[in-house]
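One structure below.
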Amino acid sequence: MNGRQFRIGVVGLGTAARMMLPAIAAHRGMVLAAVADPVTEVRESVGAQWGVPAFDGIESLVAAQHLDAVYIATPTELHARHTRIAVEAGLHVLCEKPMAAHLDDAQAMVDAAARAQRVLMIGHSRSYDAPIHKMREIIESGALGRMRMVTQLSYTDWIYRPRRPDELDPAHGGGVTYRQGAHQFDVIRLLAGGLATQVSATTFDFDAARPAVGAHTVVVRFADGAIGNAIYNGYGAFMSAELSDDVDEGGFAADPAAIGARRRAHVGVHQDEIAAKRERSAKMHRGQPPYHPSFGLTLVSCEHGDMRQSRHGISIYTAQGREDMALPIPPGPQDMVVNEFHDALAGLRAPVHDGRWGLANLEVCVAATESARSGKEVTLTRQVAVPSPVSH
């Protein structure tokens, strides 16, 4: 590891930041230097917890602190402005997904970082899971022939978890296609090589009491003829953890009773939801998981066999039968995001999940939304290939 430590500030202290803070603090090459949030009680509590100064926003944080980088975890519609402020101040940026609600804003973020010669990286954490990387490694090796299909299927209770209004509004990058589809499309593009060409989709709003895009089915076509299928249902009845060895998104044993309780408890009262969201955020970090995290079921079909992720690694299915491949459980996805960001800042390797990669993922989200509205397939123009080989 490069011996230099990088001072980083965290802007926006919601669920994403609460999960990222332990990873930043634990990394030997990063120094958590400050936090910022517009809510006084939130920033003071988090600042006291981590022993760092707390500010009311990115402007005051950047003006008062000597930093190398910022992690932006504010609401999606603020990402473009906050990225511009950061890079114009000479700071590198790690930004939460989705990187923006609109392609023009995302492109402006990429352009601003390029002009300032700063690193811009997008925190698409699910594609860091070790089983995903192992399947990509096998695809690159050609051991199972060409990859032809990849399916990512997730059934969760996403709609009924505590939400800010913007998290349910597609105009602000809300709903499952932007906020969870972004993870699915990131995983699918990584496995399929990145160069998607067309998207067709249908989206659904099942619950009039909780209006939002809560489910979708999306088909992504790739330049080499491969197909990606993304299915997401966030309404909390059937849970895809049943298809993934009863492991949840954090790598812990799934708790169906808790999921049902969340569905029954949602009230849709803004202040109650904000309070519940803060309470949930404070409880998100549970330490080292016993299993590999499961963001639903990821199934890859190659010419000579299939692969899926499992709680212990991956399972490979060929004419010779099933082979279970155990993989070491690495640090959590947030730790891997911080590793990649640090290595980019230190000049050790270029990040896979840079601004152009995040823009390409967002383009699939936008295209899926447009296809669902128009009933037509949408052509993509901003895609980039996966660097080869992909490494942690």
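Nothing in this text is a laboratory measurement; each read-out follows from the coordinates by a stated rule. If you're wondering where the values come from, they're calculated on a predicted model, not measured in any experiment. Here Cβ is always computed from backbone atoms with ideal geometry, including for glycine, and neighbour counts include all displayed protein chains.
Once amide H atoms are built 1.01 Å from N in the peptide plane, which residues 5 or more positions from GLY194, or in another chain, come under 5 Å H to H?
VAL386
How large is the charge dipole for the chain, taken about the Cα centre, if only the Cβ atoms of Lys, Arg (+1) and Asp, Glu (-1) carry charge, to the nearest 20 debye? Mind showing how you got there, number by number?
Details: 38 positive and 43 negative charges, 43 e Å.
With only Lys, Arg, Asp and Glu charged at Cβ, the dipole is about 200 debye.
Ranked highest first by the average count of other Cβ atoms within 10 Å around their residues, in what order do 55-64, 175-184 fall? Don't skip to the answer; put the middle values down first.
Numbers: 55-64: 17.4, 175-184: 26.0.
In decreasing order of mean packing, 55-64, 175-184 become 175-184, 55-64.
Give the label of the value calculated from the structure for Cα extents along the principal axes in Å, choosing from (1) 84, 46, 41; (2) 71, 49, 47; (3) 62, 49, 43.
Computing Cα extents along the principal axes in Å and matching it to (1) 84, 46, 41; (2) 71, 49, 47; (3) 62, 49, 43 gives (3).
Which residue fluctuates most in the GNM of the chain (Cα springs below 10 Å): GLY332, GLY214, GLY29?
In this elastic network of the chain, the residue with the biggest mean-square fluctuation among GLY332, GLY214, GLY29 is GLY29.
Please compute the modelled spin-label separation between HIS102 and TYR317, points set 7 Å along Cα→Cβ, answer in nm with one decimal.
The modelled label-to-label distance comes out at 4.5 nm.
So what is the 222 nm mean residue ellipticity for the chain from helices alone, if each DSSP H run of at least 4 adds -39500 (n - 2.57) and you divide by all residues, rounding to the nearest 500 deg cm²/dmol? Please list the in-between numbers first.
On the way: 12 runs with 138 residues, N = 392.
Helix contribution divided over all residues of the chain: -11000 deg cm²/dmol.
Given a 10 angstrom Cα cut-off, can you work out which residue in GLU323, GLU167, GLU340 is the most mobile in a GNM of the chain?
Among GLU323, GLU167, GLU340, the largest GNM mean-square fluctuation belongs to GLU323.
Lys and Arg at +1, Asp and Glu at -1: add these up for the other residues within a Cβ distance under 11 Å of THR318 and post the number.
Working: positive: ARG322; negative: GLU303, ASP306, GLU323.
Around THR318, the surrounding residues sum to -2.
Show me 347-359, 93-105, 372-384 ranked by packing, highest mean number of other Cβ atoms within 10 Å first. Before the final figure, lay out each step's value.
Details: 347-359: 19.2, 93-105: 23.8, 372-384: 14.7.
Sorting 347-359, 93-105, 372-384 by mean packing, highest first, produces 93-105, 347-359, 372-384.
For segment 139-227, count all C-alpha to C-alpha pairs, find those more than 23 Å apart, and express that count as a whole percent of the total. Please report the intermediate quantities before stating the final value.
Details: 1274 of 3916 pairs.
Everything past 23 Å amounts to 33 percent.
Provide the net charge surrounding ALA192, with neighbours chosen by a C-beta distance below 10 Å and charges set as Lys +1, Arg +1, Asp -1, Glu -1.
Details: positive: ARG136, ARG148, ARG189, ARG221; negative: ASP224.
Combined, the nearby Lys, Arg, Asp and Glu give +3.
Classify segment 27-106: rounded, prolate or oblate, from the alpha-carbon gyration tensor (a ≥ b ≥ c, eigenvalue square roots; a/c under 1.5 rounded; otherwise prolate if a/b is larger than b/c)?
Working: a/c = 1.80, a/b = 1.45, b/c = 1.25.
Prolate shape, in that a/c is at least 1.5 and a/b is the bigger ratio.
May I ask you to evaluate 6.51 cos²θ - 1.76 cosθ + 1.60, the Karplus curve with θ = phi - 60°, for each residue of segment 155-163 and list the ³J(HN,Hα) values in order in whole Hz, giving x for glycine and proline?
With coefficients 6.51, -1.76 and 1.60, one gets 10, 9, 10, 3, 4, 9, 6, x, 9 Hz.
Just to be sure I understand: with springs between alpha-carbon atoms less than 10 Å apart, which residue in ASP129, ASP207, ASP246 has the highest mean-square fluctuation in the Gaussian network model of the chain?
For the chain, modelled as a Gaussian network with Cα springs under 10 Å, the answer is ASP207.
What nm distance separates the two modelled labels at ALA25 and GLU370, each placed 7 Å from Cα along Cα→Cβ?
Result for the modelled spin labels: 4.3 nm.
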